[in-house]
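Below is one structure, written out as structure tokens, with a few remarks after it.
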């Protein structure tokens, strides 16, 4: 992997990390504390924001994967593994967890009174793991 590819991938990783931290760990919990924000309004806002985040994450994940795999000699094995695990985690979030959360929020928005969901806890746990992976990958790329 060449220095330019590592620098580009590192920059993209840290942009991605900033987006996840800002939206998942700041915006998401704080919006429900704002005056006048009801559960349905908060869910509606959250769905829009997370849809945009997930689109951006997909683009960034592709950019990182391309930057990590393209270049002379290929990436060090540890960086390739971290990238693969990160992409797999995003696929699980988008393909398994998000659809379940969307189905549940559809029911709440339709007026059903449902108990608290554990699905959000799974999503938050995956976000925490993603943050750790992004930090590890970003630092690894920066050192390369």
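Throughout, read-outs are computed from the coordinates displayed, never taken from laboratory work. Treat the numbers as computed from the prediction; the structure is a model and nothing was measured. Here Cβ is always computed from backbone atoms with ideal geometry, including for glycine, and neighbour counts include all displayed protein chains.
Figures for the structure shown
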item	result
Ranked 106, 113, criterion: other C-beta atoms within 10 Å, fewest first	113, 106
Residue order, fewest to most beta carbons within 10 Å, for 8, 55	55, 8
Helix 98-109 vs. the chain, principal-axis angle (Cα, 0 to 90°, nearest 10)	20 degrees
Footprinting exposure proxy for 21, 1 (fewest neighbouring C-beta atoms within 10 Å first)	21, 1
MRE, 222 nm, helices only [DSSP H, n ≥ 4, -39500 (n - 2.57), over the chain, to nearest 500]	-25500 deg cm²/dmol
Acute angle (nearest 10 degrees) that the helix 119-143 long axis makes with the longest principal axis of the chain, alpha-carbon atoms	20 degrees
Folded to 0 to 90 degrees: helix 3-22 orientation relative to the chain principal axis, Cα	10 degrees
Cα convex hull volume per residue for region 33-81 (Å³)	91 Å³
Pairwise centroid distance, computed over Cα atoms, of region 34-77 with region 108-144, Å	11 Å
Translational D in µm²/s for region 3-143 (Stokes-Einstein at 20 °C, 1.002 mPa s, Kirkwood Rh from C-alpha pairs)	132 µm²/s
Region 51-122 shape via C-alpha gyration tensor axes, a/c threshold 1.5	prolate
D (Stokes-Einstein, µm²/s), Kirkwood Cα radius, region 1-69, 1.002 mPa s at 20 °C	159 µm²/s
